[in-house]
Amino acid sequence: MLTRVIAFSLKNRVLVLLAALLVSGYGVYELARTPVDVFPDLNRPTVTVLTEAPGLAPEEVEALVTRPLEYQLNGATGVRRVRSASGIGLSVVWVEFEWGTDIYQDRQVVAEKLQLARDRMPQGADPVMAPISSIMGEVMILGVRSNADLKTPEERQAKAMELRTVAEFTLRNRLMAVEGVSQVTVMGGTLKQYQVVTSPARLAAENVTLQQLTDAAEKANVLAGGGVMVRSPRESLIRISGQSLTLEEIAETPVVWRDPRPVRIKDVADVRFGGPVPRGDGSVRVRAGEPGASAPGVIEGGPAVILTVQKQPNANTLRLTPRIDRVLDDLERDLPPDVKVERRVFRQSDFIQAAVDNVVEAIRDGTIWVFVVLFLFLWNLRTSVITLTAIPISILVTALV
């Protein structure tokens, strides 16, 4: 059989050469389109359900939120396993489906079950599905820190709030618009809040209840439509804007009216900027000699805001990372001068590129040694070159398979 193949190839050299060129060209085309990744998807198709239950302890979250969700999701079409975790005011449920199922159909199954489970949830608890992402889809971790020399706790608190605001509302929103990005999670810093802080003594002094103060604070930031006023031949849109955008405007909001003056928010409470109760923090390395290091030559962790960028399933990491870098280049031009974005905290593309370089190096060295061995044993340059042509062709054929 082998003799016939060799004889046919020698008699039809042009045909064999054209076939080899055709297969090689198609192999190059497929090889260029093949996604390169060293982090395969290790988990089954999974849908994550997040439920916030403010004010509830982990035991209450488990009993009132997590278990009702598990009861509804267990036994759903295609569900293989349901796992969960309950924390302070938060429930996370992972619903795993059979291998090979369509993730969008899986999410539809979960969405139908969530409609039934919402009636059993406590007030204020609304289960939602997290974006589609993979367990190995963490393509980049960014650190946002300040180079400013912050000496007082007040300065550090204000800067932590500024960094979180920049990360949450500037960087995150822009990165979410990049094609291939599934989710951007922000951790650390201080989330800016308008806080109205009071005490029972101050409320009792003005004979105001906590509910009245709460209603007044909510109504201090209201937008409403006023309809249309017709003045022939024109129509004018009526806007009712009750937004309070500064601390002073919120403080001047009336709580109750008593002759001859109203009782305002500032009479019964302090209005200030602040943050929620911290549940974690972020830190990145401060290089030697930069502001924030405790001493010259010392490299230590500095306060920062961490952004975790996750990709969509089947997204090409090596193509997605340059797109993210271009967006960060544009954003850095508009950031405050002392704010720096650290891009080298973690980059999945570096691991992939290192693996690809190792494969290229192994093929190169192997090809050289094969040529050397063939030439030494055959002592014929032409025969060695002809034999070596099988290596690239075999690689391209493998790409087709």
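For LEU56, list long-range residues whose amide hydrogen, built 1.01 Å from N in the peptide plane, is under 5 Å from its own amide hydrogen.
Under 5 Å from the amide H of LEU56: GLY89.
Tally up the carbon and sulfur contribution to the accessible surface of the chain as a whole percent, 1.4 Å probe, everything protein left in place.
Here it works out to 58 percent.
Of all the stretches in the chain, which is the longest one without any exposed loop site, taking trypsin sites (Lys or Arg not before Pro) in a DSSP loop (any state but H, G, I, E, B) with at most 10 other Cβ atoms within 10 Å?
1-150
For MET140, enumerate residues with amide H under 5 Å from its amide H, sequence gap 5+ or separate chain, H modeled in the peptide plane.
VAL309, GLN348
Which value, in Å², gives the accessible area per residue of the chain when a 1.4 Å probe is used on the protein heavy atoms?
So the chain comes to 63 Å² accessible per residue, rounded to a whole number.
When N counts the residues of the chain, how does its alpha-carbon radius of gyration compare numerically with 2.2 N^0.38 Å, as a ratio?
The chain yields a ratio of 1.47.
In the chain, once you exclude exposed chymotrypsin sites (Phe, Trp or Tyr not before Pro) (DSSP loop, at most 15 other Cβ within 10 angstrom), what's the longest stretch remaining? List each step's numbers first, then the result.
Details: sites that count: TRP99, TRP379.
For chymotrypsin sites (Phe, Trp or Tyr not before Pro) (loop position, at most 15 other Cβ atoms within 10 Å), the longest site-free span of the chain is 100-378.
Could you tell me the accessible area of SER232 in Å² (1.4 Å probe, neighbours in place), rounded to the nearest ten?
SER232 has an accessible surface of roughly 110 Å² with all protein chains in place.
With θ set to phi - 60° and the Karplus curve 6.51 cos²θ - 1.76 cosθ + 1.60, what are the ³J(HN,Hα) couplings of segment 370-383 in order, to the nearest whole Hz, using x for Gly and Pro?
Karplus-based 3J(HN,Hα) across segment 370-383 equals 4, 4, 4, 5, 4, 5, 5, 7, 8, 6, 9, 5, 5, 5 Hz.
If you take every residue apart from VAL186 with its C-beta less than 10 Å away from the C-beta of VAL186, what net charge results, scoring Lys and Arg +1 and Asp and Glu -1?
Surrounding charge for VAL186 is +1.
Taking R0 as 35 Å, what FRET efficiency do you get between VAL359 and THR101 from their Cβ-Cβ distance, rounded to the nearest 0.05?
0.65
Residue-wise, which Karplus ³J(HN,Hα) couplings in Hz belong to segment 358-364, taking 6.51 cos²θ - 1.76 cosθ + 1.60, θ = phi - 60°, and x for glycine or proline?
Listing the rounded values in order: 5, 5, 4, 5, 5, 5, 4 Hz.
The values are calculated or read from the model by the stated rules, or taken from the named source; none is laboratory data. Please read all numbers here as calculations on a predicted model, not as lab measurements. Virtual Cβ from ideal backbone geometry, glycine too; neighbours counted across all protein chains shown. Just the protein is used for accessible areas: all its heavy atoms, side chains included, with ligands, DNA and RNA removed. Shrake-Rupley method; radii C 1.70, N 1.55, O 1.52, S 1.80 Å.
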